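Beneath this line is the structure, given in structure tokens, with notes to follow.
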Amino acid sequence: MVRFSMLAAVALMAVIAITGCTGNGKNEEATLKAVIENNVTALQEENVEKYMSTLHPDSQGYARMKAICPQIFQIYDLQHKLIDIKVLDVSGDTARVRTTQEARRIAGPENYRSNRSTMVHTLKKDQGQWKIFQSDQESMENIE
């Protein structure tokens with residue numbers, strides 16, 4: 001009887017562990033998507049602090065973005081929209097997420113062309129929080 005109880009307890013712990021892992025994977029995916037959504041929302045709101053909070057401080061473009069974002073927000077009024085988002089993979093403290101996004105010029109110099117782009121964002125953890133480390137453009141098409 002004791003042996004059966006121990007086997008039952010081990011089996012129950014295995015089920016809990018497997019279920020927990022599946023749940024954590026879904027939570028991790030939701031967390032990664034939320035970072036991208038917050039990034040696009042910050043662009044839409046023209047909120048430099050919020051935008052920068054979605055970027056990894058060790059990324060190569062961090063300082064450049066911190067400097068040029070206020071200028072871009074001052075010159076252009078753009079409408080940003082997230083069309084599609086898909087988590088490609090997660091491995092330890094690194095993840096890749098593919099997005100399709102639109103940026104439409106509402107106001108500002110006409111040299112900016114409204115566009116739809118597909119990007120692969122590499123996210124890395126910074127003090128336990130997912131942040132965008134690098135973004136690579138797969139494609140871009142002008143719209144309108």
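The values are calculated or read from the model by the stated rules, or taken from the named source; none is laboratory data. As the structure is a computational prediction, the values presented were derived from the model and not from experiment. Glycine gets a Cβ as well: all are built from the backbone with ideal geometry, and neighbour counts include every protein chain shown. These area figures cover heavy atoms from the full protein model, side chains too; ligands, DNA and RNA do not enter into them. Shrake-Rupley method; radii C 1.70, N 1.55, O 1.52, S 1.80 Å.
Structural remarks
- Relative contact order (%) - criterion: Cα under 8 Å, at least six apart; region: the range 15-137: 23
- Surface composition of the range 29-144: carbon plus sulfur atoms hold 43% of the accessible area, using a 1.4 angstrom probe and ignoring ligands, DNA and RNA.
- Across the alpha-carbon atoms of the range 13-144, the computed radius of gyration and Dmax are 16.5, 62 angstrom.
- Computed label-point distance, nm, for sites Asn38 and Asp58 using a 7 Å Cα→Cβ extension: 1.9
- Dipole magnitude of the range 43-144 about its Cα centre (Cβ charges: Lys, Arg +1; Asp, Glu -1), debye to nearest 20: 120
- What the range 60-104 shows is 63 Å² of accessible area per residue, with the surface traced by a 1.4 Å probe over protein heavy atoms.
- Exceeding the 22 Å Cα-Cα cut-off - candidates Lys33/Lys125; Lys66/Lys131; Lys26/Lys81; Lys33/Lys124: Lys26/Lys81
- Our estimate of slack between Asn111 and Ser139, defined as 0.36 nm per intervening residue step minus the Cα-Cα distance, is 8.1 nm.
- What the Cβ-Cβ distance of Glu102 and Lys125 gives, at R0 = 30 Å and to the nearest 0.05, is a FRET efficiency of 0.60.
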